[in-house]
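Below: one structure, written as structure tokens.
Just so it is clear, none of the values below were taken in a lab; they were calculated from the coordinates. The structure presented is a predicted model; accordingly, all values stated were derived computationally and were not measured. Counting neighbours? That spans all protein chains shown, and the Cβs are built from the backbone with ideal geometry, glycine included.
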Amino acid sequence: MNAVIPDEEKSDADLLADYVKGNVVALDLLVERYRQALFSWFIGMTGSRSDAEDLFQEVWIRIIRNSDRFKNVSFRAWMWQIARNLLIDFRRKRKPDVSLDMVDDEGDHPLLETLVAPNASPREEAERNDLAMRAMQAVGKLPAVQREVFLMRTQGDLPFNEIAKALKIPLNTALGRMHDATTRLKKLLMKEME
Amino acid sequence: MKTTTPNCEEALHHDLEALAPLVKEGFARINGPSARVLKAIHEEAVAHALRRAARNRFAFIVRFTAVAAAVALVFGGSLQAWRAWHAIKPINQTVQLLRISTQNSTSVEHELADSSELANYLLSMQGFDRDSYFSAPDGMESLWL
């Protein structure tokens, strides 16, 4: 007997296949699944909310337009590869590198000041928010090559072999960049705490 | 540049366990993409699905037309071949008859040639030859019919 798998439990490739068959809800679910990870990565890499939104939208438009051509490989690796290619194009056209301290395109406030703390009033929440902001600031100070590996691992939950594949670098290079990123982050955060 | 080896992965995971939740928490506080972006993606998905459906319908019509044209071609070709075969059938029969009659006339000539040779042979056995045997003694007029 063929059990009907709920859309939420379906694999990425199955959801994309459903979309190709005409089920638009399947694509909405796929967007939702990677919404936070992909958007955070773009925020981390561009330092600008509006640029991150543009790039996020462009990734999904490319996925939609090329969905017919998707072969049964890892959807996640494919999506990150598209994201990275778009980021490379973006860097070529725009600023060479940015950090999270930069001013947002839409306003005069640094991006980190736009962080939303759901219940900002309690003191604990404010402290956690502050720590998280410091961590993000530290990530923003990492060199771009280290930052992209670090964010793919932490935000995208990608294993190192998939990171290496998406960035087209050897596995050891990916591990090396991650090692350098964590070492640098620890130093930066300790410095912030002092 | 010196890189780490997979052996360092354990130490790396240890560092990540401490750092990743903090960074993740920070990024989680950033609202995701705006509703406008999500709506634009959804609209593009709908538009593309509609375009694909229209393309598939058109492709079906093209395929159906191609199949129908192929069937018509095979049927028409067969019909034409059948009609042509029936049109040349009487010609074939005439040709056949002509061939038979030609063969018959050839065999008669052949037979005649054979019989004159036999007559020559019989005459030569008796010490005669055809020209002297059928000639009148007073003249060279041949009696050969």
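For the reader, a short list of remarks on this structure follows.
- 10 Å Cβ neighbours from other chains, averaged over peptide B:34-46: 6
- Taking A:SER74, A:SER48 and counting other C-beta atoms within 10 Å, the order from fewest to most: A:SER74, A:SER48
- Cβ-based net charge around B:ARG51, under 12 Å, with every Lys or Arg adding one and every Asp or Glu removing one: +2
- Net length gained if the chain between B:VAL74 and B:ALA119 were fully extended (0.36 nm per residue, minus Cα distance): 9.7 nm
- Backbone N within the stretch B:38-74 under 13 Å of label point (7 Å from A:ASP68 Cα along the Cβ vector): B:48-60
- Whole-number D in µm² s⁻¹ for the stretch B:13-133, Kirkwood Cα-pair radius fed into Stokes-Einstein, 37 °C, 0.692 mPa s: 127 µm²/s
- Placing R0 at 30 angstrom, the Cβ-Cβ distance between A:LYS187 and B:LYS39 gives a FRET efficiency of 0.10 after rounding to 0.05.
- Using 0.36 nm per residue and subtracting the Cα-Cα separation, the extra length available between A:LYS168 and A:SER11 on full extension is 54.1 nm.
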